[in-house]
Structure formats: structure tokens, C-alpha cells
Amino acid sequence: MKKSFLIISVLALFAHSVFAQTEKNIDKDRPGYSNASVSIKFFDRTMYYPGSAEDNPIFVHVTIKNKGPETLRFKLADDRMFSVDFSAFTVKNTRLERTDALIRKRTTNQTVYFREISLETGEEYSFVENAKNFLRFDEPSVYYMELVFYPELYKSRYIELKSNRLTLEVRPTPSAAASSFIPVAAGTAEILQPEQISPDKVVEQTIVARQKSLWDQYFLYMDLEEMLKSDPLRRNKYAASSAEDGEKMINDFKAALMSDTIEKDIVAIPERFEIKRTDYSQTEGTVTVLEWFKYKNFYEKKEYIYYVRQRDGIWRIYGYGVNNLGTE
């Protein structure tokens, strides 16, 4: 009995030593994330409907914060599908299916490019993701949505950081009668055809399209090339680029507008608006609009001046100015 006890004790001590050494190596190679927090909120909360990620996106603002005393380090993939996961449930606890694009990416062998990010105490890092790129919101319903962040990337899912939970209401798609003044052709902006309407109607349709997060309709009367060139640095780079690179710059500019990382005034969503004045000649014009932006306890009032230009019978917005008029 004594001999058996001794063997068992030695084995137990050996196992404890191996476990402690393994745990130490894990701590050394993969720093603990107990002091990291992940939180989400709606980026520009609006009306959400079933449909494609492009026509009616659900943008979510993701924040990773270091709440600990030591430096927090993690990996962040250039393609965020390898860094985060969204999950959503109905009130009946039915889980939403992932998109085909997400499944295809994660089941295909490919190189995942990433950056290593370091956060000191109290620092945070944020980015915006479209939840519809991850989940299929095919039906109107109330959903409970949360996010999982993989600090060592998706293919190494031994560490997961969960966020808070959001309540998301996806409403039935508006009827054609409710949006008859907006072009409603399905598909992309290339398929939609701009109409020969007056400058004030161009601006009206553009603002309403933004209120409904209908990006195709929003860009329909927007001269993105001229807006891109409004910034001297972008203008010089665009002028020196090839035709292919110039097209990529415009597409990148469009994507940045959709993610609200540049030109934030033009993509801001007013609670209501009123067209105050329209002045135009045969080819140039301005449309002055009063816009109200809702906050918790007040409205911010602004005067927008949209600059429009007519080519081939179509008026398009090529610039804008904003004057702050205080709060109400």
C-alpha cells in the first residue's frame, strides 16, 4: 500500500508539473485576455429591412478595450470574417443561418493577412462591420444579436471574447406605394437609371434614400468622381493614377462613404428635412436644405447647400457645404 501510494503521488506531482509547465507556455505564447472587453452598438441606427447587405446594411460599431494594467496584444485580419462572428436569435430562440459568402471563405484554403495591434491601459480600437455580411436576415422579426471576437483569428478559436447583446428589429419591406418617389429597380446602381428630374427632386430623393439606407438609390444622382476630387490630396493622386487605379479609388471612396469613415456630413441621416431654396441655371445650381438630426434630448439643426450640375439632361450632386444653426 505504501508503495502504491508513493507511485500515485509521484504521478500526481508529475502531472501537476506538466500541466503547470503547459499552462505557463500558453500564457507566454498566448497572453491572457481577461482584461479585454468587446462591446457593440449600432453605428447609424435606422430602419432595417430584409434584403441584401448592399441595399440595406446593418452596420455595427465594434470596440475592443484594454481594461487591464498591462499591454493587450491581438491579431486583426484584413478580412474581418476571420476575426469576428455575429450570431442572432429570434424570440423563439431560432438561430440565424450564416451567409454563403462567409461559409465559402472559411472553408476555402487561403492566406489570411492580419495585423498585430497593441493597446495600452485604457486604450481602445474600433471598427465597423456589416452584420448582413455574416448572417441572413431573410424575415422581418425581432432578433437578439451579439458578436464574438477571435483575438488569435478564426482558425485558432481556442480564445473567444463575447460582446454585449443588441436588440434588432427587422421590419417588413416597405410597399412600393410607400417609396414611389424613389427608384425601386432591384440590383445595383448600374442597373438603376437616373431620370431627368429637377435639382430639388434629385436632392430630395438622395436624402430619402439615405434615410432608408438604400445605397444604390443614394448614389444614383451622386457624382462620386467630382466629390472625390474635392480634397486636394485625393485629386492629385487621382490625376496621377491609371484608369484602372482611378476606378479603384472611386470604388474605395464609395465604400468609405458607406462605412461613414470620411465625409461624415454628407452621409449623416436627418430625422427630417425641408428644402428651403433652389437656384439653378441651364447647367449649374444649388439646393439649400434645412435638416434636423435627432439626439437624446434635443435636435441639431443644420443648413446644407448641395451643388448640382447638369449633363446630358441629368442633374447630379457634385459637392456640398454645411452651416450649423444650433439646437432645438
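The values are calculated or read from the model by the stated rules, or taken from the named source; none is laboratory data. Keep in mind that what you see is a predicted model, and the values were worked out from it rather than measured. Quick reminder, even Gly has a Cβ in these numbers, built from the backbone with ideal geometry, and neighbours come from all protein chains shown. To get the accessible areas, we keep the full protein, side chains included, count just its heavy atoms, and leave off ligands, DNA and RNA. Shrake-Rupley method; radii C 1.70, N 1.55, O 1.52, S 1.80 Å.
Name the residue, out of T99, T71, T90, T94, that is farther than 25 Å from N251 by Cβ and at pLDDT 90 or above.
T71
Table: residues versus (1) polar (S, T, N, Q); (2) over 21 Å from the mean Cα position of the chain (by Cα); (3) within 14 Å of Y304 (Cβ to Cβ).
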site: L220; (1), (2), (3): no, no, no
site: E225; (1), (2), (3): no, yes, no
site: R234; (1), (2), (3): no, yes, no
site: E247; (1), (2), (3): no, yes, no
site: Y280; (1), (2), (3): no, yes, no
site: W292; (1), (2), (3): no, yes, yes
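Selection of first residues in region 127-140 that are under 14 Å from P57 (Cβ atoms) and among the polar types (S, T, N, Q) and of second residues that are in a strand (DSSP E or B) and at pLDDT below 95, restricted to Cβ pairs under 8 Å at least 6 apart or on distinct chains, gives the following pairs, ordered by first then second residue: N130/F59; N130/V60.
Just need a number here: residues in region 91-107 that are exposed (fewer than 14 other Cβ atoms within 10 Å of the Cβ) and within 11 Å of Y144 (Cα to Cα). Going through region 91-107 one residue at a time, the tally reaches 5. Just one of the numbered conditions (1) over 26 Å from K67 (Cβ atoms); (2) among the aromatic types (F, W, Y); (3) open to solvent by 80 Å² or more (accessible area, probe 1.4 Å) is not true of F137: (3). Reported count of residues in region 290-311, each being within 23 Å of K254 (Cα to Cα) and either among the aliphatic types (A, V, I, L, M) or not in a strand (DSSP E or B) (or both), is 2. As a summary of the residue check, T261 satisfies the conditions (1) surrounded by fewer than 16 Cβ atoms within 10 Å (Cβ to Cβ); (2) assigned to a strand (DSSP E or B) except for the one numbered (2).
Against the list (1) touching a strand residue (DSSP E or B) at 6+ places or on another chain (Cβ under 6 Å); (2) closer than 22 Å to E152 by Cβ; (3) surrounded by 14 or more Cβ atoms within 10 Å (Cβ to Cβ); (4) not charged (D, E, K, R), the condition S126 fails is (3). Among the numbered conditions (1) part of a helix (DSSP H, G or I); (2) at pLDDT 90 or above, the only one that L220 does not meet is (1). Restricting attention to region 61-90, the residues being under 24 Å from L168 (Cβ atoms), open to solvent by less than 10 Å² (accessible area, probe 1.4 Å) and either outside any strand (DSSP E or B) or among the basic types (K, R) (or both) number 2. Any idea which residue in region 164-177 is least open to solvent (accessible area, probe 1.4 Å), counting only those that are in contact (Cβ under 8 Å) with a residue 12 or more places away in the chain and not β-branched (V, I, T)? Per the criteria, the residue is L168.
Within the bounds of region 246-254, is there any residue that is touching a residue at least 12 places away in the same chain (Cβ under 8 Å) and aliphatic (A, V, I, L, M)? Yes, some residue in region 246-254 is touching a residue at least 12 places away in the same chain (Cβ under 8 Å) and aliphatic (A, V, I, L, M).
May I ask you to say which residue of T278, T288 is touching a Lys or Arg at 6+ places or on another chain (Cβ under 6 Å), of a type in the set (V, I, T) and in contact (Cβ under 8 Å) with a residue 12 or more places away in the chain?
T288 is the lone residue from the list that is touching a Lys or Arg at 6+ places or on another chain (Cβ under 6 Å), of a type in the set (V, I, T) and in contact (Cβ under 8 Å) with a residue 12 or more places away in the chain.
Being crowded, with 18+ Cβ neighbours inside 10 Å and under 14 Å from G321 (Cβ atoms) is a condition met by no residue of region 267-279.
For every residue, the table says whether it meets (1) crowded, with 16+ Cβ neighbours inside 10 Å; (2) touching a Lys or Arg at 6+ places or on another chain (Cβ under 7 Å); (3) at pLDDT 90 or above; (4) outside any loop (DSSP other than H, G, I, E, B).
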{"site": "Y143", "(1), (2), (3), (4)": "yes, no, yes, yes"}
{"site": "S156", "(1), (2), (3), (4)": "no, no, no, no"}
{"site": "K162", "(1), (2), (3), (4)": "no, no, yes, yes"}
{"site": "S213", "(1), (2), (3), (4)": "yes, no, no, no"}
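Could you run through region 287-314 and say how many residues are among the hydroxyl-bearing types (S, T, Y) and open to solvent by 40 Å² or more (accessible area, probe 1.4 Å)?
Qualifying residue count, region 287-314: 3.
Listed by first and then second residue, the pairs with beta-carbon distance under 6 Å, at least 6 apart or on different chains, first residue in region 302-319 and small (G, A, S), second open to solvent by 20 Å² or more (accessible area, probe 1.4 Å), are G313/Q196; G319/S230; G319/Y307.
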